[in-house]
Amino acid sequence: MAAVLNRAFEFGDNENKSEYFYDIDQDYALYNDVQMIAQMGITTGYSDGSYKPNNDVTRAQFAVFLARALDQDQFVNPNHTTYTNNRFGFEVTYPDNWEDGEEAENGDGKTLLDDNNSTIRAYGTHYEENQAPDVDDYEEVTLDNGKTAYYHTTQSDNKIAFDLYRVTDETEYHVNGEVTKAFYSENANDIRDTIYSLVTRN
């Protein structure tokens, strides 16, 4: 399905080296096709961050994917806000229709979403090895700008929690949050795009 859509609509190659699903490795034969239809907003995968490449595609699913490929504008909100943090020198882009919060008083970051039990934050902090996340529990991912970061997600009964982590030059950066499964289901593309939009000083 991914190959058919990517080649039929000539979306191209995954030049940004973005990785959207934890169960699609770079040595997977259709890696590029899967990443491109995710990048184009045609598929969002499953709520746990997987793609499940061996599952059958239903007729209904394919109809939705084809509709998105034919008219992408109806699925994409072009209006986004870029938050620039001067203290730690990073940027992150998020939908401007999200209910966001103020920048933290100490200037380390901002709440990008604060809406009905769903919260997403972006912040920087000074790196301290004994307080840093254990990256053995995280997946290595590639951001939109080609930089390497680490990503971890967990689920509870009604919540999905996630943390994107990157460390460089004694500074660690995070885009993390906890959102309801309902919010994630409706906003998976925007959440993923926000996470992968992180740009750091180095």
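Annotations for the structure displayed:
Residues are listed down the side, and each one gets a yes or a no for (1) within 18 Å of Asp48 (Cβ to Cβ); (2) out of contact with any strand residue (DSSP E or B) (no Cβ under 9 Å at 6 or more places or on another chain):
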residue	(1), (2)
Glu105	no, yes
Lys110	no, no
Gly124	no, no
Glu129	no, yes
Val135	no, no
Glu139	yes, no
Lys147	no, no
His152	yes, no
Asp157	yes, yes
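- Screening the stretch 124-144 for residues that are open to solvent by less than 60 Å² (accessible area, probe 1.4 Å) and assigned to a strand (DSSP E or B) and picking the one that is nearest to Tyr83 (Cα to Cα) gives Gly124.
- Condition check for Glu15 on (1) within 20 Å of the chain's Cα centre (by Cα); (2) open to solvent by 40 Å² or more (accessible area, probe 1.4 Å); (3) charged (D, E, K, R); (4) modelled with pLDDT of 80 or more: one failure, at (4).
- For the stretch 102-123, the criterion of being open to solvent by 50 Å² or more (accessible area, probe 1.4 Å), out of contact with any Phe, Trp or Tyr (no Cβ under 7 Å at 6 or more places or on another chain) and among the hydroxyl-bearing types (Ser, Thr, Tyr) is met by at least one residue.
- Residue list for the stretch 26-46, restricted to those being open to solvent by 50 Å² or more (accessible area, probe 1.4 Å), under 20 Å from Thr148 (Cβ atoms) and either over 19 Å from the mean Cα position of the chain (by Cα) or modelled with pLDDT of 85 or more (or both): Asp27, Tyr28
- The residue pairs whose first member lies in the stretch 174-188 and is farther than 14 Å from Ser156 by Cβ, whose second member is assigned to a helix (DSSP H, G or I) and open to solvent by less than 20 Å² (accessible area, probe 1.4 Å), and whose beta carbons are closer than 8 Å, counting only pairs six or more residues apart or on different chains, are Val175/Thr194; Val175/Ile195.
The values are calculated or read from the model by the stated rules, or taken from the named source; none is laboratory data. Keep in mind that this is a model prediction, so the values were computed, not measured. Note that each Cβ is placed from the backbone with ideal geometry, even for glycine, and that neighbours are counted across all protein chains shown. Heavy atoms of the whole protein, side chains included, go into the accessibility calculation; ligands, DNA and RNA do not. Shrake-Rupley method; radii C 1.70, N 1.55, O 1.52, S 1.80 Å.
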